[in-house]
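Novice: Next up is a structure, given as structure tokens.
No lab work stands behind these numbers, since they all come straight from the coordinates. Every value quoted in this text rests on a predicted model; they were computed, and no experiment measured them. Cβ: placed from backbone, ideal geometry, glycine included. Neighbour counts: every protein chain shown.
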Amino acid sequence: MSEAAQYAVRDGIAVITLNNPPVNGLGNELRAAVMQHLKKAEADAAVKAVVIIGNTRFFSGGADIREFGATRLPPDLPEVNAQQDAMQKPLVAAIGGFALGGGLELALACHYRIALPRSQVGLPEVKLGILPGSGGTQRLPRIVPMAEAVRLMTTGAMLPVEKAKELGLIDEIVQGDLLEGALAFAKSVVGKPLRRIRDQKAKLDGDPKAFFAQVREQVAKESKGYPAPLEIVACAEAAATLPFDEGRKQERVGFERLMKGPESKALRHMFFAERQTSKIPDVPDDTPVREVKKAAVIGAGTMGGGIAMNFANAGIPVTLIDMNQAAVDKGLATIRKNYAATVSKGRLKQEDMDKRLGLIKSSIELPPDADIYIEAVFERMDVKKDIFGKLDKLAKPGAILATNTSTLDVDAIAASTKRPQDVIGTHFFSPANVMRLLEVVRGKQTDKSVLATTMKLGKALKKVPVVSGVCDGFIGNRMLEKYGQQSLFLLDEGASPQQVDAALAKFGMAMGPFTMYDMAGNDIGWEIRKRRYQERPDFAYSRIADRICEQGRFGQKTGRGFYKYEAGNRKPIPDPEVDRIFDAYRSEIKIARRSISDEEIVERLIYALVNEGARILEEGIALRASDIDMVYLTGYGFPPYRGGPMFYADTVGLDKVLSAIQGFQKGYQGAQWKPAPLLVKLAKEGRKFNE
Ligand code: NAD
């Protein structure tokens, strides 16, 4: 007998125990075992009812992700469900912990469901761009009210067990031992008529046509171009208007269509990419990690405050340090304001806010007892070196010394200590308490245990930690510089900020480059460019953005930038004054304005990311293409349904990307385009970045 599910009979009740760690994923072996046990129970005259049970953490997490893309052996889940439907004995699902996706579908094909308190159920398939493909779209609306069923399936939200009981999805909440409760429940239903969900009518009062017209309109608005939510609505409508088997057929067709579509492929790529980032080839999973029980953040400014909040949110005491009391107080006040805003939105309880604030101490002295120090002071090498020199003298042995620098050389910072093995970069993104990306910058001498600890800490802080080698700009900003370079060249040639932004927004970016620059502050880019003019003579820059800055147009904060802004409003408004500045610049550099297609705009900007990404991969700065994708998905507003720049390039075809770049080489500032050797090689071999 397979080990993936065990079978036992107690007092005339067959107990099928799912046993496929870690989450009782419904893999090949588990499905086969459940099928076999169901048949056995049905055939045994001594068995009066059947309980399917997992453990107290997972009834089942759904499809086994380890088998995604691998060969699936029969029986598939619909066949197991068909066997459940054919049973003549009551079937009880005993849910401890989570019943998700296929796991919930397994439970929905039972006649009864009971659960432990604090269990949660849900159909999260939509998050991977697909729909519940084994009867979920047909069974759920037959047991919970249609509007709620549609909400659950189109958002993938979890349903707490108490609410599930209220809606009729759960028959009983078991206090005490789940198996004992299940056995007692099963005995109580022996001999009663079998209540199959498939035989019920969908729970919808009124006219389905009118109801679904309204739902469709609402979901279309919320689904932002993703096809799965609307496909789910169509299946739910089928549940209300067609016989069960017809509805199932429609569900199957929709499932297959979504599975093959680009959006789901991208979302599934993202799902796996996120799980890959913490795998570092030369730092195995069993690398010893250091304890992080106390943290110190140096610099109570924009970034330091947000970083300190991350520690407090994770329950780790943190000291926030700045040069003087006024600076510290200002930092703390901002933190308090941020928490209070979350409380007023109802997303945090006042008592949790108080608890978190209680974990944040402040000081104007560096504390000697922290396990990790994160420096977030001004972006100046002399200031950073001074701090690291002090930390070297004062920190206890084994403490991790981290820097939040965006542009400075982490190895040079490490060299100002006698313990470069303990130095690492932790590059948070702004706002640091919100953004999920954390670039973990591995210095030449960073110890493996320091790297492993920082990666683990990143996860504890609920970030997506991605390893980057040391280079100018690390992964994200190094690529962004090429994107920015092209965005300005497009202005030189005649595009307007609003045209460029609209094209990128249509592509799916959270915002276009000029809206982004205005938000970040154009003075920051100007400062960097001024330095670059000296440091990087190989890098051609348009001076068009400087002309904007020379007028004091620093963006939102000055009410004028690439756009103009009305007081108290962040909506960018095109400004004819900007057109005049650009026209003057174009005559200065003697460029005749040409009309540029949205397609060219998107290709120039996105392929600039891809080409630099290829270099970053080739140089070993990023460990894998999917890490680069995660950086852009979690830190730069890249649309999830495109899977990140490298994945997107794979879907376009690297040969096409290369030939577009070769075309750009013949255009304006074409010398700035040099196809990355890795791109050329992979394109020639018909391969992909993500293989
Ligand atoms: P900020 O100017 O808002 O804050 C810096 C703080 O450091 C100030 O409060 C200042 O008083 C304090 N400080 C300066 N010298 C100090 C010293 N010797 N001892 C103690 N405190 C000192 O700057 P920020 O935007 O928070 O940036 C901090 C760091 O984070 C920089 O290295 C920056 O490059 C990096 N970073 C910034 C962003 C961003 O979007 N702002 C994003 C990622 C990384």
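Novice: Kindly state, to the nearest 0.05, the FRET efficiency for Lys192 paired with Leu230, given R0 = 60 Å and r defined as their beta-carbon distance.
Specialist: 0.95
Novice: Going by a ≥ b ≥ c, the root eigenvalues of the Cα gyration tensor, does the range 152-220 fall in the rounded group (a/c under 1.5), the prolate group (a/b larger than b/c) or the oblate group?
Specialist: Since a/c reaches 1.5 but b/c is at least a/b, the shape of the range 152-220 is classed as oblate.
Novice: For the range 385-392, just list the computed ³J(HN,Hα) in residue order, Karplus coefficients 6.51, -1.76 and 1.60, θ = phi - 60°, integers in Hz, with x standing in for Gly and Pro.
Specialist: Using θ = phi - 60°, the values come out as 4, 4, 5, 5, x, 5, 4, 4 Hz.
Novice: Give me the net charge of Tyr483's neighbourhood, meaning all other residues with Cβ under 11 Å from the Cβ of Tyr483; Lys, Arg count +1, Asp, Glu -1.
Specialist: On the way: positive: Arg478, Lys482, Arg604; negative: Glu481, Glu612.
Residues close to Tyr483 contribute a combined charge of +1.
Novice: How big is the antiparallel share of DSSP beta bridges in the chain, given as a percent to the nearest 5?
Specialist: 25
Novice: To the nearest 20 Debye, how big is the dipole of the chain about its Cα centre, given +1 on the beta carbon of each Lys and Arg and -1 on that of each Asp and Glu?
Specialist: 400
Novice: Please list, in chain and number order, the residues 5+ apart from Ala49 or on another chain whose amide H is under 5 Å from its amide H, with Hs placed from the backbone.
Specialist: Amide H to amide H, under 5 Å and 5 or more residues apart or across chains, Ala49 pairs with Ala14.
Novice: Which cross-chain or sequence-distant (5 or more) residues have an amide H under 5 Å from the amide H of Gly644, H modelled 1.01 Å from N in plane?
Specialist: Sorted by chain and number, the residues that satisfy this come to none at all.
Novice: Hey, what's the Cα Rg ratio for the range 393-438 versus the globular rule of thumb, 2.2 N^0.38 Å? Write out the running numbers ahead of the final one.
Specialist: Values: Rg = 12.1 Å, N = 46, 2.2 N^0.38 = 9.4 Å.
So the range 393-438 has a normalised radius of gyration of 1.29.
Novice: To the nearest 20 debye, what is the magnitude of the charge dipole of the range 309-390 about its Cα centre, counting +1 on the Cβ of each Lys and Arg and -1 on the Cβ of each Asp and Glu? Present the calculation step by step, with values, prior to reporting the outcome.
Specialist: Numbers: 13 positive and 12 negative charges, 86 e Å.
It comes to approximately 420 debye.
Novice: Express in nm, to one decimal, how much length is gained between Lys393 and Arg257 on full extension, taking 0.36 nm for each residue of separation and deducting their alpha carbon distance. Mind dumping the intermediate values first?
Specialist: Details: separation 136, 0.36 × 136 = 48.96 nm, distance 6.20 nm.
Additional length available on full extension: 42.8 nm.
Novice: Based on the Kirkwood radius over alpha-carbon pairs, what value in µm²/s does the Stokes-Einstein equation return for the translational diffusion coefficient of the chain at 25 °C and 0.890 mPa s?
Specialist: 87
Novice: Could you derive backbone 3J(HN,Hα) for the range 393-403 from the dihedral phi with the Karplus parameters 6.51, -1.76 and 1.60 (θ = phi - 60°), listing whole Hz in sequence and x where the residue is Gly or Pro?
Specialist: Residue by residue, the range 393-403 yields 6, 9, 5, 6, x, x, 5, 8, 10, 10, 10 Hz.
Novice: A further question on this structure: Report the label-to-label distance for Gln350 and Glu379 in nanometres (one decimal), using points 7 Å from each Cα along the Cα→Cβ vector.
Specialist: 4.0
Novice: Mind running the shape call on the range 519-661? Use the C-alpha gyration tensor, a ≥ b ≥ c as the square roots of the eigenvalues: rounded below 1.5 for a/c, prolate if a/b tops b/c, oblate otherwise.
Specialist: Details: a/c = 1.74, a/b = 1.60, b/c = 1.09.
Note, shape of the range 519-661 comes out prolate.
Novice: Please get the size of the charge dipole for the range 148-206, origin at its Cα centre, with Cβ charges of +1 on Lys and Arg and -1 on Asp and Glu, quoted in debye to the nearest 20. Show your work: numbers first, answer last.
Specialist: Values: 10 positive and 9 negative charges, 71 e Å.
Here the range 148-206 has a charge dipole of around 340 debye.
Novice: Beyond a 25 Å Cα-Cα separation, which of these cross-linked pairs lie in this structure: Lys293/Lys390; Lys385/Lys463; Lys294/Lys463; Lys260/Lys656; Lys294/Lys355?
Specialist: Lys385/Lys463
Novice: Expected output is a single nm value to one decimal: the length gained when fully extending between Lys681 and Glu291, i.e. 0.36 nm times separation in residues minus the C-alpha distance. What is it?
Specialist: This chain segment gains 136.0 nm when fully extended.
Novice: What are the ³J(HN,Hα) values, in whole Hz, obtained from phi via the Karplus relation 6.51 cos²θ - 1.76 cosθ + 1.60 with θ = phi - 60°, for each residue of the range 453-462 in sequence order, with x given for Gly and Pro?
Specialist: For the range 453-462, the Karplus curve yields 5, 5, 5, 5, 4, x, 5, 4, 7, 6 Hz.
Novice: Please give, to one decimal in nm, the separation of the simple spin-label points placed at Asp472 and Lys656, each 7 Å out from Cα toward the Cβ.
Specialist: Simple spin-label model gives 3.3 nm for this pair.
Novice: Amide H of Ile400: which non-local residues (sequence gap of 5 or more, or other chain) have their own amide H closer than 5 Å, using H built in the peptide plane?
Specialist: Ile372, Tyr373
Novice: Distance in nm between label sites at Ala46 and Ala460, each 7 Å beyond Cα in the beta-carbon direction?
Specialist: About 5.2 nm separates the two model spin labels.
Novice: Okay, moving on. Calculate the length of the line joining the C-alpha centroid of the range 358-422 to that of the range 89-147, in whole Å.
Specialist: A separation of 50 Å, based on Cα centres.
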